[in-house]
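The values are calculated or read from the model by the stated rules, or taken from the named source; none is laboratory data. Model, not experiment: these values are computed from the prediction. Neighbour counts are summed over all protein chains in view; Cβ atoms, including those assigned to glycine, are modelled from backbone coordinates with ideal geometry.
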Amino acid sequence: MKKIEVCFTPSLIDLYNVEKKVVVVVDILRATSCMTTAMANGVKSIIPVATIEECFSLRKKGFLAAAERDGKMADGFDLGNSPFSYMDKSLKGKTIAVTTTNGTLAITKSKKAAQVIVGSFLNQSVVANYLINQPNDVIILCAGWKGKMNIEDTLFAGALVDAVKDEFTFEEDATLIAQSLYNVAKDDIAGFVAKSSHVKRLNKLNIHKDIEFCLQPDIYPVIPMLKDDVLVAMEFDYEYVIKNDNA
């Protein structure tokens with residue numbers, strides 16, 4: 001049976017063997033929620049980079065560029081890190097260079113994996129069903145906050161583990177902790193996450209609607225996947241994946 005693991009932060013990913021595995025990168029507030037929203041609203045591709053300098057260099061080459069540090073849009077860029085920014089119809093068909101405090105770093109640290117995909121509450125079920133129907137072991141990589149774990153990413157990791165538990169084995173403590181935390185919080189995810197440090201940080205910036213939006217389950221049936229260092233929407237038959245899982 002396939003194995004699933006949870007890595008709480010990119011600082012720990014070197015302890016995991018990502019080769020021949022699918023890595024699901026998770027940054028609920030807000031990078032992977034933005035990426036999912038962007039793909040669902042017609043953005044052609046996203047170039048995730050770890051640093052401001054890399055992102056600005058791509059902007060100078062003519063790409064639209066989004067940059068966030070410490071929850072705020074970085075100066076000199078076109079977009080920040082709000083999912084609502086990616087609902088703009090003018091972005092349809094565009095390629096956007098993106099750097100964020102945590103999420104894009106997690107993606108760049110996962111490149112040796114057999115496959116890197118983006119997960120969020122917004123596409124939770126389609127990600128779960130895809131994982132069930134593909135053949136590889138899985139690592140859920142939480143972006144955390146500046147090398148430390150956080151509540152919201154860990155909760156999503158637990159939700160994903162719980163959704164696929166009948167098709168995967170897991171024994172290591174991080175996976176069990178994530179699943180246990182989710183089972184404690186699942187009846188009131190928003191209330192539980194309200195206690196988190198990052199929600200408090202974003203609330204100080206008056207980003208309440210972003211938080212509410214990013215915690216909604218199953219809004220978009222899309223999966224951003226890394227292909228040649230660029231995120232694109234995975235091509236698959238969504239109805240088939242769901243049907244195959246329920247067979």
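So the values come out like this:
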item: Among (1) in contact with a strand residue (DSSP E or B) (Cβ under 8 Å, 6 or more places away or on another chain); (2) touching a residue at least 60 places away in the same chain (Cβ under 8 Å), the one test that Phe56 misses; result: (2)
item: Conditions (1) hydroxyl-bearing (Ser, Thr, Tyr); (2) under 13 Å from the mean Cα position of the chain (by Cα); (3) at pLDDT below 95: number failed by Ser196; result: (2)
item: Matching option when the condition is surrounded by fewer than 17 Cβ atoms within 10 Å (Cβ to Cβ) and more than 23 Å from Phe84 (Cα to Cα), among Leu141, Leu176; result: Leu176
item: Filtered residues of region 153-187 (kept if closer than 17 Å to Val24 by Cβ and either at pLDDT below 95 or outside any helix (DSSP H, G or I) (or both)); result: Lys165, Glu167, Phe168, Thr169, Phe170, Glu172
item: Phe77 more than 28 Å from Ala190 (Cα to Cα) and aromatic (Phe, Trp, Tyr); result: yes
item: Residues that are among the charged types (D, E, K, R), assigned to a loop (DSSP other than H, G, I, E, B) and touching a helix residue (DSSP H, G or I) at 6+ places or on another chain (Cβ under 7 Å), drawn from region 1-46; result: Asp27, Arg30
item: Among the residues listed as Gly80, Gly62, Gly42, Gly71, the single one being more than 30 Å from Phe168 (Cα to Cα) and without any contact (Cβ under 8 Å) to a residue 12 or more places away in the chain; result: Gly62
item: Output for region 159-190, where each listed residue is over 19 Å from Met1 (Cα atoms) and touching a helix residue (DSSP H, G or I) at 6+ places or on another chain (Cβ under 8 Å); result: Ala159, Ile177, Ala178, Ser180, Leu181, Tyr182, Asn183, Val184, Ala185, Lys186, Ile189, Ala190
item: Verdict on Asp229 being touching a strand residue (DSSP E or B) at 6+ places or on another chain (Cβ under 8 Å), among the charged types (D, E, K, R) and modelled with pLDDT of 95 or more; result: yes
